[in-house]
Amino acid sequence: MFGMWLVSALSQGSGQLLQLVATMILARILLPADFGLISMALVFVGVADIFRDAGLSTATVRAIDLQDKNANAMFFLNALLGIGMAVLVFLAGPLLSHVYDDPRVADIVAVLCVTFIINGLSAQHQALLRRRLQFKLLAKINVSVVFISQCVGVWLAFDGMGYWALVVTIIVSASLRLVFVVMANPWIPGKPTFDQVTRKMVSFGLYLAAFGLIGYVANNAHNLIIGATYGSDAVAFYNRAFMLLVMILGYASGPFATIAPATLSRMHNSASDFRAGYLELLSYNLILGVPVCVICILGASEIIAIVLGAQWTVSAEIFWLLSVSLIPRIIASSSGWIYQSSGNTRGMMLWGIGGWSFILCLLLLAAPSGIEAVATAYSVAMFLTVYPCMAIAFRRTTVTFRDVLIACRSPLGAGLIAFGLSWLGFSYVEGIVPIVRLGLLALVSSAIYILALVVVFSERELLSSMLQQVLGRRAGG
């Protein structure tokens with residue numbers, strides 16, 4: 001299973017690395033307020049985009065016996081939803097500008113409406129490629145799209161386009177993806193049929209979309225709350241820290257969101273196999289995610305200075321406050337593997353209503369105290385909700401939260417050792433260039449972490465298995 005993670009990680013990592021480089025360049029050209037404006041507009045655009053897909057792409061990937069007539073129906077539904085959301089978002093633009101008291105937001109939203117139509121047309125072509133497990137082809141498409149669109153964005157930023165450079169980047173990305181996926185999968189949809197299979201797929205997708213909407217609102221409510229309270233600069237400082245953290249975590253945990261549901265869905269006929277498979281995937285995720293958490297907390301200032309530059313120092317404190325939430329986020333995200341692999345997206349939605357509503361309430365309570373308080377509230381909420389989140393997800397399985405704690409024991413224990421020793425060592429080291437200090441911190445803390453896993457927690461066999469799969473993958477090309 002770790003071998004599948006490696007393939008997915010390499011493909012996603014290439015695109016994320018390109019985005020990271022582009023972010024480093026753009027953060028030094030554009031003003032924080034430019035990023036803030038886009039973040040405020042994307043709060044609403046992102047919500048609408050969830051409705052645009054309505055989970056239909058995932059339903060296509062997961063369908064056991066997908067026929068052409070069902071795929072046709074999914075295509076036309078995605079296309080119609082894309083057009084409908086484009087119209088609604090365009091009409092709602094002035095209202096959003098009134099909320100932020102900034103007319104520029106309406107202009108940005110009006111232009112971005114075209115992406116709903118484009119994404120609606122490309123959704124099913126992408127889903128069919130994923131269903132056929134053509135991940136290498138999708139990886140090439142993703143890297144090409146990111147490279148070209150980010151180059152366009154950087155060029156326009158240098159040309160003085162300001163926040164419009166970011167807007168055009170989004171439109172170029174969506175357009176290129178449509179062209180490439182159609183070229184890769186020249187499937188022409190025919191007459192749609194809305195039979196019982198299609199209705200089940202729509203039902204599955206709607207529950208998944210409802211959960212996605214609730215989660216999106218909670219995860220992006222920071223931008224709306226901060227933007228309405230403190231303005232675009234504050235949104236930029238918070239949002240860049242949050243998105244950078246998501247990007248960094250994505251290198252380790254992102255691929256599991258793709259491979260875990262598909263892997264576990266094949267194990268549901270055996271409770272013991274499902275339990276073993278889930279805990280193995282969770283262990284791999286934690287083994288990779290814990291050192292990322294350690295480095296992000298200890299190296300927050302250096303990461304912000306290197307990636308974003310001197311004008312973003314306000315984001316450093318926000319970044320490390322949010323980094324504290326990484327471990328419970330990794331654990332809680334694995335509940336999605338269980339819900340999706342079992343097809344229980346209704347249960348996923350119901351948890352989202354309760355869990356994300358609680359998180360949203362904490363964010364609203366913290367908002368008057370400043371953006372640092374909002375970041376703190378988010379991390380606290382992650383810790384408070386991780387147990388009920390997992391306990392509810394485990395109800396139809398033989399997995400228990402005690403199993404999760406056992407899986408966490410070695411990586412968390414080794415992480416605490418690495419954190420403590422690295423903090424003691426580097427607290428006395430001053431006057432080093434940020435990139436050198438971060439490099440040393442990453443090298444030393446990772447070495448201590450691996451040593452602790454082997455010597456203190458006797459995880460030599462697990463690490464050896466992961467290494468063999470990496471070497472085997474490389475040897476196999």
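Here are the numbers for this structure:
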| item | result |
| --- | --- |
| Subset of the stretch 295-331 (residues that are over 22 Å from Ala373 (Cα atoms) and either in contact with a Cys (Cβ under 8 Å, 6 or more places away or on another chain) or free of Cβ contacts under 8 Å to residues at least 12 places away in the same chain (or both)) | Ala310, Ile331 |
| Single residue of Ala92, Ala106, Ala73, Ala86 found to be assigned to a helix (DSSP H, G or I), in contact with a Leu (Cβ under 7 Å, 6 or more places away or on another chain), modelled with pLDDT of 65 or more and farther than 30 Å from Ala305 by Cβ | Ala106 |
| Residue in the stretch 336-395 that is most open to solvent (accessible area, probe 1.4 Å), counting only those that are touching a Gly at 6+ places or on another chain (Cβ under 8 Å) and hydrophobic (A, V, I, L, M, F, W, C) | Ile392 |
| Members of the stretch 414-443 that are open to solvent by 90 Å² or more (accessible area, probe 1.4 Å) and touching a residue at least 60 places away in the same chain (Cβ under 8 Å) | Trp423, Ile435 |
| Yes/no for Leu17 being at pLDDT 75 or above and of a type in the set (A, V, I, L, M) | no |
| Among residues of the stretch 300-329, those that are hydroxyl-bearing (Ser, Thr, Tyr) and either more than 21 Å from Leu20 (Cα to Cα) or surrounded by fewer than 22 Cβ atoms within 10 Å (Cβ to Cβ) (or both), counted | 3 |
| Close pairs from the stretch 17-36: first surrounded by 19 or more Cβ atoms within 10 Å (Cβ to Cβ), partner of a type in the set (Ser, Thr, Tyr), Cβ under 6 Å, at least 6 apart | Asp34/Tyr163; Gly36/Ser232 |
| Hey, Lys140 part of a loop (DSSP other than H, G, I, E, B) and among the basic types (Lys, Arg) or not | no |
| Selection status of Val380, part of a loop (DSSP other than H, G, I, E, B) and either basic (Lys, Arg) or out of contact with any Cys (no Cβ under 9 Å at 6 or more places or on another chain) (or both) | no |
| Filter result for Leu166 (farther than 21 Å from Asp233 by Cβ and either at pLDDT 85 or above or not hydroxyl-bearing (Ser, Thr, Tyr) (or both)) | no |
| Near pairs, Cβ below 8 angstrom, 6+ apart or cross-chain, from the stretch 155-168 (hydroxyl-bearing (Ser, Thr, Tyr)) to any residue that is part of a helix (DSSP H, G or I) and open to solvent by 60 Å² or more (accessible area, probe 1.4 Å) | Tyr163/Arg104 |
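For every residue, the table says whether it meets (1) within 29 Å of Leu363 (Cβ to Cβ); (2) assigned to a helix (DSSP H, G or I); (3) open to solvent by 20 Å² or more (accessible area, probe 1.4 Å).
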| site | (1), (2), (3) |
| --- | --- |
| Met243 | yes, yes, yes |
| Arg275 | no, yes, yes |
| Cys296 | yes, yes, no |
| Ile331 | yes, yes, no |
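The values are calculated or read from the model by the stated rules, or taken from the named source; none is laboratory data. Here the structure is a predicted model, which means the values were calculated and not measured. Note: ideal-geometry Cβ built from the backbone for every residue, glycine included; neighbour counts use all protein chains shown. These area figures cover heavy atoms from the full protein model, side chains too; ligands, DNA and RNA do not enter into them. Shrake-Rupley method; radii C 1.70, N 1.55, O 1.52, S 1.80 Å.
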